[in-house]
Amino acid sequence: MPLSPNTLTLLGFAVSVAAGAAFVLGEPFEGGLLILFSGVFDILDGGVARAKGRITPFGGVLDSVCDRYSDGLMFLGIMAGAINGRLVIPPIIGIDGWLWSGYALIGSFLVSYTRARAESAGCRKLSVGIAERTERMLILAFGALSGFLGWALVLIAVFSHITMIQRVIRAKSILSKPSEPDIQKP
């Protein structure tokens, strides 16, 4: 692979920006295809980094930041497309599609934030939960491709908030246990 892992990360980000633009323009099928295509880069960047022995702390930061921006731009693209009338998302349980997209955006950010905050507080790798980024993006892509974008947003909103709660509970469990140096030895 002639491209560096960071270049692959940035290419995946660019494809995600295009997906967000497709939603703004009212093209959910194209947006769904672009989400899947961006996922290829998301898989490749880590694989190339491991294969080339080029895993770096900066690469991890760049990947995480690009993932958050990608998520935000895709959900904002859906919101904008729904608000401008180019993207038709019927209300589900009386809530407009653009608002479901907002709930999904908040939940997606909280899933990532909860993990990062818990890990910085001393939890080991905290990847518990039913809606990691891969699952959320697959639900979004297949919802867009199948014409069920509104229901995909509902699933992402609900599952991401459940995942955040699962992570908070797991973090409490881990962080409430005394660490080895804190335990008095007889």
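Hydrodynamic analysis of the chain uses the Kirkwood radius over alpha carbon pairs. Inserted into Stokes-Einstein at 37 °C and 0.692 mPa s, it gives a translational diffusion coefficient of 188 µm²/s.
Label sites at SER176 and ALA51, each approximated as a point 7 angstrom past Cα along Cα to Cβ, lie 4.5 nm apart.
Relative to the globular-protein estimate of 2.2 N^0.38 Å, the Cα radius of gyration of the range 1-78 stands at 1.12. Taking the longest Cα principal axis of the chain as reference, the axis of helix 149-176 is set at about 10 degrees.
Rounded to a whole number, what % of the accessible area of the range 28-183 do carbon and sulfur atoms account for, probe 1.4 Å? Percent of accessible area from carbon and sulfur atoms in the range 28-183: 69. For the chain, the longest principal axis of the C-alpha atoms and the axis of helix 5-24 are separated by about 40°. Taking packing as the residue-averaged number of other Cβ atoms within 10 angstrom, the listed peptides 110-119, 12-21 run from highest to lowest as 12-21, 110-119.
Helix-only mean residue ellipticity at 222 nm, the chain, DSSP H runs n ≥ 4 weighted -39,500 (n - 2.57), per residue, nearest 500. What is it? Taking each H run of at least 4 residues, the total per residue is -26000 deg cm²/dmol. For the range 117-184, the normalised intensity computed at q = 0.28 Å⁻¹ comes to -1.13 (log10 of I(q)/I(0), Debye sum over alpha carbons, equal scatterers, no solvent).
Sum up the charges of everything whose Cβ sits under 13 Å from the Cβ of TYR113, counting Lys and Arg as +1 and Asp and Glu as -1, but leave TYR113 out. Cβ neighbours under 13 Å give a net charge of +2. Helix 133-146 and the longest principal axis of the C-alpha atoms of the chain enclose an angle of approximately 10°. Computed over protein heavy atoms with a 1.4 Å probe, the accessible surface of the chain works out to 54 Å² per residue.
The values are calculated or read from the model by the stated rules, or taken from the named source; none is laboratory data. Quick caveat, the model's predicted, so the values are computed rather than measured. Glycine also receives a Cβ, built like all others from the backbone with ideal geometry; neighbour counts cover every protein chain displayed. These area figures cover heavy atoms from the full protein model, side chains too; ligands, DNA and RNA do not enter into them. Shrake-Rupley method; radii C 1.70, N 1.55, O 1.52, S 1.80 Å.
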